[in-house]
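The values are calculated or read from the model by the stated rules, or taken from the named source; none is laboratory data. Note that this is a predicted model, so its numbers are computed, not measured. In this analysis, Cβ positions are derived from the backbone assuming ideal geometry, glycine residues included, and neighbour counts consider all displayed protein chains. We work out accessible area using only protein heavy atoms, side chains counted, and drop any ligands, DNA or RNA first. Shrake-Rupley method; radii C 1.70, N 1.55, O 1.52, S 1.80 Å.
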Amino acid sequence: MIRRYQEHDADQLLAAWEAASRVAHDFLDEAFFEAERERIRNVYLPSAETWVWEENGRVIGFVSLLGHEVGGLFVDPGAQRRGVGRALMDHARGLRGTLELDVFQRNAIGRAFYASYGFREIGRHAHAETGEAELRLRLEAGEGNARGG
């Protein structure tokens, strides 16, 4: 079920983020994961509107929004390919309509998901901390395929 994030969810949310991120971002080093974990807990979560997917009392996925920006969408690898990510994205779309996000070019899992959802590339840049190429993606309200494929 989707519900609003609460502070007591932080450890479970971070566990889901780290498990998913290590699979999708296997090209990033340990220093990145350590720094990002702290930024998520202390900077991103307090400033974002975050929605979690809770299943059997555990947070297994989440989406964080900063206005129309998807700051993060992560689902624990053990719960992927069951519609959790799509449901979270559907929820974000329902709240905001038009959405934008950045995804690492080397994140094949994320890129495939966003492409199936209907996001389109609108730009490219280097990620500030890592120098890795990132794609800027956009999904206009009313466009895309919320059912995916």
request  = State yes or no: is A92 over 16 Å from A20 (Cα atoms) and without any contact (Cβ under 8 Å) to a residue 24 or more places away in the chain?
outcome  = no
note = Checking F33, F27 in turn, the sole residue that is part of a helix (DSSP H, G or I), surrounded by fewer than 21 Cβ atoms within 10 Å (Cβ to Cβ), out of contact with any Asp or Glu (no Cβ under 6 Å at 6 or more places or on another chain) and aromatic (F, W, Y) turns out to be F33
ask   = Yes or no: G118 on the phi > 0 side of the Ramachandran plot and either of a type in the set (V, I, T) or surrounded by fewer than 17 Cβ atoms within 10 Å (Cβ to Cβ) (or both)?
value = no
Sole exception among (1) open to solvent by 20 Å² or more (accessible area, probe 1.4 Å); (2) within 18 Å of R96 (Cα to Cα) for V70, by number = (1)
ask   = Which ones in the range 36-73 are closer than 12 Å to Q12 by Cα and either aromatic (F, W, Y) or assigned to a loop (DSSP other than H, G, I, E, B) (or both)?
value = W53, G57, F62
key: Hits in the range 36-55 - residues which are open to solvent by less than 40 Å² (accessible area, probe 1.4 Å), hydrophobic (A, V, I, L, M, F, W, C) and out of contact with any Leu (no Cβ under 6 Å at 6 or more places or on another chain)   = I40, L45, W51, V52
message = I'm trying to understand the selection: among the residues of the range 25-57, which are of a type in the set (V, I, T) and free of Cβ contacts under 8 Å to residues at least 40 places away in the same chain?
response = I40, V43
note = Over the range 1-24, the set of residues open to solvent by 20 Å² or more (accessible area, probe 1.4 Å), part of a helix (DSSP H, G or I) and free of Cβ contacts under 8 Å to residues at least 40 places away in the same chain is E7, H8, D11, E18, R22
remark   = Out of (1) in contact (Cβ under 8 Å) with a residue 24 or more places away in the chain; (2) closer than 29 Å to R58 by Cα, the one E140 does not meet is (2)
request  = Identify all residues within the range 84-115 that are open to solvent by 40 Å² or more (accessible area, probe 1.4 Å), farther than 15 Å from H25 by Cα and small (G, A, S); write none if there are none.
outcome  = G94, A115
message = Restricting to the range 106-125, name every residue that is in contact with a strand residue (DSSP E or B) (Cβ under 6 Å, 6 or more places away or on another chain), under 21 Å from R81 (Cα atoms) and not in a helix (DSSP H, G or I).
response = G118, F119
message = When you scan the range 74-83, do you find a residue that is basic (K, R), closer than 13 Å to I2 by Cβ and either modelled with pLDDT of 95 or more or outside any strand (DSSP E or B) (or both), even just one?
response = no
